[in-house]
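J.: Below you'll find the structure I mean.
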Amino acid sequence: MAIYSKEEARQIMEKALSFSTADACEVNLSGSESGNIRYARNTVSTAGHRSNQTLVVQSNFGKKSGTATIDEFDDESLKKVVKRSEELAKLSPENPEFMAPLGPQKYDESITFNKGTAEITPEYRANVASNSIEPAAAKDITAAGFFDDSSGFSAMLNSNGLFAYNRSTDMNFTVTMRSNDGTGSGWVSRDFNDVSKFDAAEASKVAIDKAILSKEAKAIEPGKYTVILEPAASVGLLGNMARAFNARTADEGRSFMSKEGGGTKMGEKIVDERVNIWSDPLHPEVPTGTWNGQGQPLKKTTWIENGKVKNLAYSRYWADQKGVDPVPFPNGFIMQGGDASLEDLIKDTKKGILVTRLWYIRTVDPQTLLYTGLTRDGTFYIENGKIKHPVKNFRFNESPIIMLNNLETLGKQVRINGNLVPYMKVRDFTFTSLSDAV
Amino acid sequence: MKRRDFVKYAGLGSGALMMPSLLLGNDIPVEALLHPGMDVAIKKSLADMALNTAKNLGASYADARIGRYLNQYVFTREDKVQNVVNTESFGIGIRVIANGTWGFASTNNVTEKGIKKATEQAVAIAKANSKIQKVPVKLAPVQSYGEVTWKTPIKKDFKEVPVSEKVDLLLSANAAALKSGANFVNSALFMVNEQKYFASTEGSYIDQDVHRIWPTFTVTAIDRASNKFKSRQAMSAPMGMGYEYMDGLASEKLQGPEGLNLYRNSYDMVEDATVAAKQAKERLTAKSVEAGKYDLVLEPNHLGLTIHESVGHPLELDRVLGYEANYAGTSFATLDKWKSKNFKYGSDIVNLVADKTQIGSLGAVGYDDEGVKTKQWDLVRNGILTNYQAIRDQVHMIDQNESHGCCYSQSWNDVQFQRMPNVSLEPGKEKYSINDMIKDVEKGIYIAGRGSYSIDQQRYNFQFGGTVFYEIKDGKIVGMLDDVAYQSNTQEFWNSCTKICDESDYRLFGSFFDGKGQPSQISAVSHGSSTTKFNNVNVINTGRAI
């Protein structure tokens, strides 16, 4: 059994800590049970189950740290792993950026665990596959998909009295549906903490419909277009932008967030004033743990408010250097949306492109947060409020900063990989070439 | 954004550079790296037990991989050591065919009891999945090799080199960069040793000791007044070598244009860091490229990534057949194109060879992870598509009866599957140097080193950047350029290949963390080439004003 209760976890970690002779010691214990099924060519290709449990001990002597790991928790093993971490600490060079472990903290009770998800069986996974494969095969479509789920816990205890514990579950599903003539492709992604919100047949239908609708796409000239970005299309660019919210690289002058002449863009308006982005571990749709790997409490934090930079993430070390409070980086983001449905956005568009997803996104210029990548699995031309026909995929070269400055309309929010992102209509999105890929 | 999400959405899984999110093992003291590990006779008897158990449970085929995977990673920035990581991962993976279906299970409990249980799980998974399997697995025949061994021919085992020596080298490189005007420098040294024991019901017992190394850095120069920052990455390549790669032998160095040092089988990190700082600073004021058509002169440590993405990946048979459709994608190089025997992948001088034997390369092993002796084979000959990359259960799908020997798993804990071998461009046959090539270009750009890269899911449309760019006018380099990226289509690009330098310019590029599969696995692969010219390629300007 890889999942320990709060008390069981505490007992194991207290035992480990009792063997410590270091200046400071921190113990992390985690375990998970996970399963997956993969299918392609309308048949199952692989399936697996994994059970993991790990105890990590970090010992410190002054500014020297050593880490050791073990997966057995009897007294002898615990003694051995603590000793090993202490030996490593004594041998390692001093880390000038070392921060002593935190003392006791107060955490909110997380809402990341769901019993139903923890009880997913191999039969359930096989059903997910067949709920995808059967409707696909019936429509001359080939399905390739992946479903994985996990249930786990993590806990932490240190010699300064900090104790933290959390349990969580999640599931992720993606499927690519390709028409058997090779001219159409659709895709869908779903992720939840609570598996009862997931419907494999409903999700698969979205991808099947897109595969059929995207058959025999027409080429149109690349250039600047008004686009409707589904949340799966914008989340990659937004995620990359979020990585720039790092105070240290901004202060060092090597980030988009660096300010001309010195300092950072904190407080500056960088995008349209309707853009608001925050994180909230207790949001019912996208809950996350309420503490991070260093034991810092995770609280609701605003990153962009009315288009202005409200917060940058400060590590404990960098906060100490700058004399400010640390601001931990979150595990997921929420971007404020509007009331418009996808249909509403299409109806209000005279001429534009509907984008299902963006793929193979890579940094082109970190200075301007310019990224390149391609549309994939359902790209459609909109004219006079209606989807007119599928179009060939485009390569884009665009910055999320420019994208959020060119915002036209915000639509409804959708959960996408632990984030809540709205449909967005954006003008002048830059497509630089065509791709023959389906 | 969760890292997992970032990986998924940034498409890192299919790219050439994927940093592992976990270090594949438990932390161990540095001296434990030198422990010889389990005796080979014990491995044989434990493997036999797995194979016999599988057969008794009704498996028609079984293989067992007992693996000990050792990693040492050193990370520094400026004058600080950020981390020294030593890890070990040890366990056994058992793969079986029962009722015509694959099953796999693994355990780190490498005892009679643990192995028996894992074997039972593997057979049970195979039998359960056989109910929905439509076509039974068909394996190409393989020779029984008996008890054999293979080792990467290293001169210096990284495990015997003190950590302090490695730290000193990185900090010296950092100091050299800072002294030459860099504002920041991050450097790292990745070292890997795979001790793999393979046994199968075909009668092979294969003991292999595989080594890899990758020194790398990023040097950054900033100008706060103009709020600009530019970086220059290392011109090293990850190699299938021991610590001798770090010796910096002058005999393995080639002099490139504009003071650029190019390294073959030995790397001078301190020297490269010095040049890197100067070039990063120079980039701050370099001329922004004028978009248009240029002849591109591509240096091997740059071209390797283009080969990787536009030749290596599209010719993986599992992609061609649709097994990777939901993740990395499929391929434009469909079976009908191959069957036609006249699909012009490139111009007549383009010969692309797959290889699992080349000494010094990341892909070199004696036998692959399903016990097939490795070899070299043609993918593209005289510009024509001739073959794919396939393993034992795939080759029958392309009417062949011999595996290509490119099956790999990142650890004992993951199931082995088809992975890219080294894929390299053969050098030109006539004597022709990089200086000769530059002289022959009227309007062009010389591009060295890896940069930004992105390609579609069927490998038609790509865009590549680089580390440094120089403008060529009327046969001469006239200065540094910036904001350069080229966009092309795979077939069009390789058909615009007009000249390849000779063997004296041949070097390897490497990808240390190439990702594929769901759940994703990493592998390491090299791509060799000499400097090559491509005519009339579309170059865009990537500069933006915000």
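The values are calculated or read from the model by the stated rules, or taken from the named source; none is laboratory data. All values reported here derive from a predicted model rather than from experimental measurement. As a convention, Cβ positions derive from the backbone with ideal geometry for all residues, glycine included, and neighbour counts pool all protein chains shown.
J.: Restricting attention to the stretch B:133-155, does a residue exist that is of a type in the set (F, W, Y), more than 22 Å from B:D369 (Cβ to Cβ) and in contact (Cβ under 8 Å) with a residue 40 or more places away in the chain?
T.: Keep residues of the stretch B:133-155 that are of a type in the set (F, W, Y), which gives B:145, B:150.
Right, trim to more than 22 Å from B:D369 (Cβ to Cβ) and you get none.
No, the stretch B:133-155 contains no residue that is of a type in the set (F, W, Y), more than 22 Å from B:D369 (Cβ to Cβ) and in contact (Cβ under 8 Å) with a residue 40 or more places away in the chain.
J.: What tally of residues in the stretch A:132-172 results from selecting those that are in a strand (DSSP E or B) and either of a type outside the set (A, V, I, L, M, F, W, C) or surrounded by 21 or more Cβ atoms within 10 Å (Cβ to Cβ) (or both)? Give the steps one after another, and end with the answer.
T.: Filtering the stretch A:132-172 for residues in a strand (DSSP E or B) gives A:141-158, A:163-172.
Now restrict to residues that are either of a type outside the set (A, V, I, L, M, F, W, C) or surrounded by 21 or more Cβ atoms within 10 Å (Cβ to Cβ) (or both): A:141-158, A:164-172.
Counting residues in the stretch A:132-172 that are in a strand (DSSP E or B) and either of a type outside the set (A, V, I, L, M, F, W, C) or surrounded by 21 or more Cβ atoms within 10 Å (Cβ to Cβ) (or both) gives 27.
J.: Any residue that is surrounded by fewer than 20 Cβ atoms within 10 Å (Cβ to Cβ), hydroxyl-bearing (S, T, Y), over 27 Å from B:N108 (Cα atoms) and within 14 Å of chain B (Cβ to nearest Cβ) - is there at least one of those in the stretch A:31-39?
T.: Looking through the stretch A:31-39, none of the residues is surrounded by fewer than 20 Cβ atoms within 10 Å (Cβ to Cβ), hydroxyl-bearing (S, T, Y), over 27 Å from B:N108 (Cα atoms) and within 14 Å of chain B (Cβ to nearest Cβ).
J.: Return the total of residues in the stretch A:116-126 being of a type in the set (G, A, S) and modelled with pLDDT under 95. Spell out the reasoning first.
T.: As a first pass, look at the stretch A:116-126 and keep what is of a type in the set (G, A, S): A:116, A:118, A:126.
Adding the requirement that they be modelled with pLDDT under 95 leaves A:126.
Selection size over the stretch A:116-126: 1.
J.: Does A:S196 satisfy being buried (at least 23 other Cβ atoms within 10 Å of the Cβ) and either not hydrophobic (A, V, I, L, M, F, W, C) or not in a strand (DSSP E or B) (or both)?
T.: Numbers: buried (at least 23 other Cβ atoms within 10 Å of the Cβ): no; either not hydrophobic (A, V, I, L, M, F, W, C) or not in a strand (DSSP E or B) (or both): yes.
Here the answer is no, as A:S196 does not meet what is asked.
J.: Separate question: Out of A:V235, A:V271, A:V275, A:V206, I need the residue that is within 21 Å of A:E398 (Cβ to Cβ), modelled with pLDDT of 95 or more and more than 14 Å from chain B (Cβ to nearest Cβ). Which one?
T.: The unique qualifying residue is A:V275.
J.: I would also like to ask the following. Can you pull out every residue in the stretch A:241-262 that is surrounded by fewer than 22 Cβ atoms within 10 Å (Cβ to Cβ), assigned to a helix (DSSP H, G or I) and facing chain B (nearest Cβ under 8 Å)?
T.: A:E252
J.: Still on this structure, I have one more. Tally the residues that are in contact with a Ser or Thr (Cβ under 7 Å, 6 or more places away or on another chain) and surrounded by 21 or more Cβ atoms within 10 Å (Cβ to Cβ), restricting the search to the stretch B:275-286. Please lay out each step first, then the result.
T.: So the first thing to find is which residues in the stretch B:275-286 are in contact with a Ser or Thr (Cβ under 7 Å, 6 or more places away or on another chain), and the list is B:277-278, B:280.
Checking the rest, the ones that are also surrounded by 21 or more Cβ atoms within 10 Å (Cβ to Cβ) come to B:277, B:280.
Result for the stretch B:275-286: 2.
J.: I need the full set of residues from the stretch A:88-126 which are of a type in the set (S, T, N, Q) and either on the phi > 0 side of the Ramachandran plot or within 11 Å of chain B (Cβ to nearest Cβ) (or both), in order please.
T.: A:S92, A:N95
J.: Restricting attention to the stretch B:480-503, report how many residues are over 14 Å from B:L298 (Cβ atoms) and free of Cβ contacts under 8 Å to residues at least 60 places away in the same chain.
T.: Residues in the stretch B:480-503 being over 14 Å from B:L298 (Cβ atoms) and free of Cβ contacts under 8 Å to residues at least 60 places away in the same chain: 3 in total.
J.: Of all residues in the stretch A:173-193, how many are of a type outside the set (D, E), in a loop (DSSP other than H, G, I, E, B) and either at pLDDT below 95 or more than 30 Å from A:H283 (Cα to Cα) (or both)?
T.: Going through the stretch A:173-193, the residues of a type outside the set (D, E) turn out to be A:173-180, A:182-190, A:192-193.
The next check asks that each one be in a loop (DSSP other than H, G, I, E, B); those that pass are A:180, A:182-184, A:193.
From the residues that got through so far, the ones that are either at pLDDT below 95 or more than 30 Å from A:H283 (Cα to Cα) (or both) too are A:180, A:182-184.
Matching residues across the stretch A:173-193 total 4.
J.: Still on this structure, please answer the following. Out of A:A100, A:A68, A:A89, which single residue is over 27 Å from the mean Cα position of the chain (by Cα) and without any contact (Cβ under 8 Å) to a residue 24 or more places away in the chain?
T.: On the way: A:A100 fails: without any contact (Cβ under 8 Å) to a residue 24 or more places away in the chain; A:A89 fails: without any contact (Cβ under 8 Å) to a residue 24 or more places away in the chain.
Within the list A:A100, A:A68, A:A89, the selection yields A:A68.
J.: Check every one of the strands (runs of 3 or more DSSP E) wholly within the stretch B:491-546 and list those with 3 or more residues that are away from chain A (no Cβ under 14 Å) and under 19 Å from the mean Cα position of the chain (by Cα).
T.: Working: elements: B:497-500, B:507-516, B:521-529, B:532-541.
Result: B:507-516, B:521-529.
J.: Got a number for residues in the stretch B:284-293 being in a loop (DSSP other than H, G, I, E, B) and either without any contact (Cβ under 8 Å) to a residue 60 or more places away in the chain or not charged (D, E, K, R) (or both)? Show your work before the answer.
T.: Filtering the stretch B:284-293 for residues in a loop (DSSP other than H, G, I, E, B) gives B:285-286, B:289-291.
Pick out the ones that are also either without any contact (Cβ under 8 Å) to a residue 60 or more places away in the chain or not charged (D, E, K, R) (or both) and you get B:285-286, B:289, B:291.
Qualifying residue count, the stretch B:284-293: 4.
J.: Could you list, in sequence order, all residues of the stretch A:423-438 that are of a type outside the set (S, T, N, Q) and either surrounded by 23 or more Cβ atoms within 10 Å (Cβ to Cβ) or out of contact with any Pro (no Cβ under 7 Å at 6 or more places or on another chain) (or both)? I'd like the intermediate steps shown before the answer.
T.: Taking the stretch A:423-438 and keeping what is of a type outside the set (S, T, N, Q), we get A:423-429, A:431, A:434, A:436-438.
Those that are of a type outside the set (S, T, N, Q) and either surrounded by 23 or more Cβ atoms within 10 Å (Cβ to Cβ) or out of contact with any Pro (no Cβ under 7 Å at 6 or more places or on another chain) (or both): A:Y423, A:M424, A:K425, A:V426, A:R427, A:D428, A:F429, A:F431, A:D436, A:A437, A:V438.
J.: Here's a follow-up. Can you tell me how many residues within the stretch B:70-100 are of a type in the set (D, E, K, R) and either crowded, with 21+ Cβ neighbours inside 10 Å or part of a strand (DSSP E or B) (or both)? Reasoning before the result, please.
T.: Step one: list which residues in the stretch B:70-100 are of a type in the set (D, E, K, R), which gives B:77-80, B:88, B:95.
Right, trim to either crowded, with 21+ Cβ neighbours inside 10 Å or part of a strand (DSSP E or B) (or both) and you get B:77, B:80, B:88, B:95.
Count: 4.
J.: Take B:G371 and tell me if it is crowded, with 24+ Cβ neighbours inside 10 Å, within 14 Å of chain A (Cβ to nearest Cβ), touching a residue at least 12 places away in the same chain (Cβ under 8 Å) and small (G, A, S). Before the answer, list the steps.
T.: Details: crowded, with 24+ Cβ neighbours inside 10 Å: yes; within 14 Å of chain A (Cβ to nearest Cβ): no; touching a residue at least 12 places away in the same chain (Cβ under 8 Å): yes; small (G, A, S): yes.
Criteria not met by B:G371.
J.: Tell me the strands (runs of 3 or more DSSP E) entirely within the stretch B:400-461 that contain at least 2 residues that are within 14 Å of chain A (Cβ to nearest Cβ).
T.: Because the criterion is at least 2 residues that are within 14 Å of chain A (Cβ to nearest Cβ), the strands (runs of 3 or more DSSP E) in the stretch B:400-461 that meet it are B:453-455.
J.: Another question, if that's okay. Tell me which residues, restricted to the stretch B:26-66, are closer than 30 Å to A:V82 by Cβ and among the polar types (S, T, N, Q). Break it down into steps so the answer makes sense when it comes.
T.: Of the stretch B:26-66, the ones closer than 30 Å to A:V82 by Cβ are B:26-39, B:42, B:66.
Correct list: B:N26 only.
J.: Further question: Of the numbered conditions (1) of a type outside the set (V, I, T); (2) without any contact (Cβ under 8 Å) to a residue 60 or more places away in the chain; (3) within 9 Å of chain B (Cβ to nearest Cβ); (4) surrounded by 22 or more Cβ atoms within 10 Å (Cβ to Cβ), A:R50 satisfies every one except a single condition; which is it?
T.: (4)
J.: Could you check, for the stretch A:220-238, whether at least one of its residues is among the basic types (K, R) and within 29 Å of A:F147 (Cβ to Cβ)?
T.: First, pick out the residues of the stretch A:220-238 that are among the basic types (K, R): A:224.
From the residues that got through so far, the ones that are within 29 Å of A:F147 (Cβ to Cβ) too are none.
No, because not a single residue in the stretch A:220-238 is among the basic types (K, R) and within 29 Å of A:F147 (Cβ to Cβ).
J.: Condition test on A:D320, is it away from every other protein chain (no Cβ under 14 Å), closer than 30 Å to A:P104 by Cβ and outside any loop (DSSP other than H, G, I, E, B)? I'd like the intermediate steps shown before the answer.
T.: Values: away from every other protein chain (no Cβ under 14 Å): yes; closer than 30 Å to A:P104 by Cβ: yes; outside any loop (DSSP other than H, G, I, E, B): yes.
Considered against the rule, which asks whether it is away from every other protein chain (no Cβ under 14 Å), closer than 30 Å to A:P104 by Cβ and outside any loop (DSSP other than H, G, I, E, B), A:D320 comes out as yes.
J.: Another question, then. For the stretch B:184-200, which positions are in contact with a helix residue (DSSP H, G or I) (Cβ under 8 Å, 6 or more places away or on another chain) and surrounded by fewer than 21 Cβ atoms within 10 Å (Cβ to Cβ)?
T.: Passing the criteria: only B:A188.
J.: Given the criterion hydrophobic (A, V, I, L, M, F, W, C) and in a loop (DSSP other than H, G, I, E, B), identify the matching residue among B:A354, B:A328.
T.: Details: B:A354 fails: in a loop (DSSP other than H, G, I, E, B).
Exactly one of B:A354, B:A328 is hydrophobic (A, V, I, L, M, F, W, C) and in a loop (DSSP other than H, G, I, E, B), namely B:A328.
J.: Which of the numbered conditions does A:A16 fail, given that it passes all the others? Conditions: (1) buried (at least 20 other Cβ atoms within 10 Å of the Cβ); (2) without any contact (Cβ under 8 Å) to a residue 60 or more places away in the chain; (3) small (G, A, S).
T.: Among (1) buried (at least 20 other Cβ atoms within 10 Å of the Cβ); (2) without any contact (Cβ under 8 Å) to a residue 60 or more places away in the chain; (3) small (G, A, S), the lone unmet condition for A:A16 is (2).
For (1) buried (at least 24 other Cβ atoms within 10 Å of the Cβ); (2) aromatic (F, W, Y); (3) under 30 Å from A:D377 (Cβ atoms), each residue gets a yes or a no:
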| residue | (1), (2), (3) |
| --- | --- |
| B:E426 | no, no, no |
| B:M437 | yes, no, no |
| B:I455 | yes, no, yes |
| B:D474 | no, no, no |
| B:I477 | no, no, no |
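J.: Something else: Does the stretch B:119-137 contain any residue that is surrounded by fewer than 21 Cβ atoms within 10 Å (Cβ to Cβ), under 16 Å from B:Q416 (Cα atoms) and more than 10 Å from chain A (Cβ to nearest Cβ)?
T.: Within the stretch B:119-137 (the criterion being surrounded by fewer than 21 Cβ atoms within 10 Å (Cβ to Cβ), under 16 Å from B:Q416 (Cα atoms) and more than 10 Å from chain A (Cβ to nearest Cβ)), the answer is yes, since at least one residue qualifies.
J.: Same structure, new question: Might you check whether a residue that is away from chain A (no Cβ under 11 Å) and crowded, with 23+ Cβ neighbours inside 10 Å occurs anywhere in the stretch B:323-331? Break it down into steps so the answer makes sense when it comes.
T.: Residues of the stretch B:323-331 that are away from chain A (no Cβ under 11 Å), as a first pass: none.
Scanning the stretch B:323-331 turns up no residue that is away from chain A (no Cβ under 11 Å) and crowded, with 23+ Cβ neighbours inside 10 Å.
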